[in-house]
1. Within the range 145-156, take every residue that is in contact (Cβ under 8 Å) with a residue 24 or more places away in the chain and more than 20 Å from Asp101 (Cβ to Cβ) and give me the one that is surrounded by the fewest Cβ atoms within 10 Å (Cβ to Cβ).
2. Of everything in the range 127-180 that's among the small types (Gly, Ala, Ser) and within 13 Å of the chain's Cα centre (by Cα), which residue is farthest from Ser116 (Cα to Cα)?
3. Could you list all residues from the range 140-163 that are out of contact with any helix residue (DSSP H, G or I) (no Cβ under 7 Å at 6 or more places or on another chain) and more than 23 Å from Val62 (Cα to Cα)?
4. I need the full set of residues from the range 62-83 which are more than 13 Å from Glu105 (Cα to Cα), under 15 Å from the mean Cα position of the chain (by Cα) and acidic (Asp, Glu), in order please.
5. For the range 1-101, please list each of the strands (runs of 3 or more DSSP E) lying entirely inside it that holds at least 3 residues being surrounded by 16 or more Cβ atoms within 10 Å (Cβ to Cβ) and modelled with pLDDT of 95 or more.
Amino acid sequence: MKSIYSLFCFTIIILFASACSSNNSGSLDTSNLEETQSEEKSNREFYPVPRDVALDALPFKVEFPTSVPFDAKESGVAIGSWDNNLSEISLSVTYESTVDDEEIEYVVANFDRFYSNMEADNIYDEITLDDGTNALFQETSFPSSSLHWFKDGKEHNLYYNFVFNENNQAQEELLKIANFINN
């Protein structure tokens, strides 16, 4: 009986400790973030931080790309809040080529920033991701390509900059990254 009580107490302690170690509050934990000086009063921006610091601060789970189609260095994660109570959060990270000007930027938000408006526009090609999620693809003359989708209350955006979509290569690379993030 004493061992059952000990096991019960140990389980309660572990559950309590794990709950305290993650941010489940529904708002951004700014304790390890430094706010930039912004003139915009309706939103707040923070200096880029390492990925692990960002993951601890966020009130939602994010999967980051694990590979891009070129040798790259990853920027710090830039985080911003679109409301004063720090519940509508967006973040971005850029993967810059170590050889040329190519880059892929990943932007995710825990709310619909622009996706509904994009969906209403007729300038995007509709594509279906491996899990059945609808996505919107666009190639621009910049040269760049972008892929956007909304899943589980999060808006995802991938931008492949300084590359032409020759033989749909940019589109295929963005789809690979999106399918990884969605699974």
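1. Restricting attention to the range 145-156, the residues satisfying the condition of being in contact (Cβ under 8 Å) with a residue 24 or more places away in the chain are 145-151, 153-156.
Subsequent filtering for residues that are more than 20 Å from Asp101 (Cβ to Cβ) retains 148-151, 153-156.
Values: His148: 23, Trp149: 24, Phe150: 22, Lys151: 16, Gly153: 10, Lys154: 19, Glu155: 20, His156: 24.
Per the stated criteria, the residue is Gly153.
2. So in the range 127-180, the residues among the small types (Gly, Ala, Ser) come out as 132, 135, 141, 144-146, 153, 170, 178.
Filter once more, so that each one left must be within 13 Å of the chain's Cα centre (by Cα): 153, 178.
Numbers: Gly153: 12, Ala178: 18 Å.
Here the answer is Ala178.
3. Answer for the range 140-163, where residues must be out of contact with any helix residue (DSSP H, G or I) (no Cβ under 7 Å at 6 or more places or on another chain) and more than 23 Å from Val62 (Cα to Cα): Thr140, Ser141, Phe142, Pro143, Ser144, Phe162.
4. If the condition is that a residue be more than 13 Å from Glu105 (Cα to Cα), under 15 Å from the mean Cα position of the chain (by Cα) and acidic (Asp, Glu), then Glu63 is the only one that fits.
5. It comes to 44-49, 77-81, 89-97.
Yes/no matrix, rows are residues, columns are (1) among the polar types (S, T, N, Q); (2) farther than 18 Å from Thr66 by Cα; (3) surrounded by 20 or more Cβ atoms within 10 Å (Cβ to Cβ):
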{"position": "Tyr124", "(1), (2), (3)": "no, yes, no"}
{"position": "Tyr160", "(1), (2), (3)": "no, no, yes"}
{"position": "Val163", "(1), (2), (3)": "no, yes, yes"}
{"position": "Asn183", "(1), (2), (3)": "yes, no, no"}
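The values are calculated or read from the model by the stated rules, or taken from the named source; none is laboratory data. Because the structure is a prediction, the values reported are computed rather than measured. Reconstructed Cβ throughout: ideal geometry from the backbone, glycine too, with neighbour counts over all protein chains shown.
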